[in-house]
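Input: a single structure, listed below in C-alpha cells.
Taken together, the values in this text are just the output of simple stated rules run on the coordinates, not laboratory data. This structure is a prediction, so every number in the text was calculated from the model and none was measured. Every residue, glycine as well, gets a Cβ built from its backbone with ideal geometry; the counts of neighbours run over all protein chains shown.
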Amino acid sequence: MWGSFLWSDNCLVLPKKIKMKISGFLAGFAVIMLMVSCKHNARFLDLYSNKYVDVKKDSITGQMVNAKTGVPVEVYVDTKTHDTVYGATGETVNGRVYKSSEGQWLIKPEGDEYKEKSEGENSAKIKIEGDKYKYKDGNYTIKKKTDGDIKIENGRTQTKIDGKTGERTVKKDHNFADKVKNILN
C-alpha cells in the first residue's frame, strides 16, 4: 500500500483516487458543519431578541407572541416571505422599521400618523400615532399607549395589560343588559 506513494521535493504525491476521496470527505465535512451551525427550526426572527422564534396569535390580545414564552413579539421578520411584520397588528411594515437611540425597534408612520379603514358592513379601523395605536373591528378594540400599556375590549370583556410588568387584569361586564337598555332609551 505504501509503495504507491511517491516523495517528490519534500511533498507527498498521492494517487488521484486517494486525492478524490480526501476532497470528497472534506467537502462533505464542510457541508455538514454548515448545516449544523445554521440549524434553526423557527421561521421568524424576533428583532428585539435577535433570535429565531416560533410565533402564535394570543387568544386574548390578538397580538403575535413567542409560542414558547408567551411574550409579545413586537417586530419580527418572516424569513420565508422576507417581510417585516408589526406583531401587534400583523401589518407588513417593510421599509418603515428603524432602531431608536435607546435600541428600540419602531415603526415609522406614513406621514405624522397612519390611519386605515376597511370597506364594508363590518369595517375595521387602525390608527398608529408615534408609539401608540388603536385598532377597532366590530366589538373588538385594542389600544396601546405610549407607556406600553394595552387595553383590549371584546364585547363584555375588558383586559388591561401593564406594559412594564405584563400583569393582566380582566373585567367581565355582567350588567350588559342595562347598558343595552341605556343605549336604546
*Label-point separation (nm) for Lys51 and Asn154, each offset 7 Å from Cα along Cα-to-Cβ?*
2.7 nm
*What does the range 41-108 give for Rg and for Dmax, in Å, if only its C-alpha atoms count?*
11.3, 33
*Take the cross-link list Lys108/Lys172; Lys68/Lys171; Lys68/Lys143 and give me the ones stretching past 29 Å between alpha-carbons.*
Lys108/Lys172
*Among Glu91, Glu129, Glu167, Glu102, rank each residue by its count of other Cβ atoms within 10 Å, from fewest to most, as a rough exposure measure.*
Glu102, Glu167, Glu129, Glu91
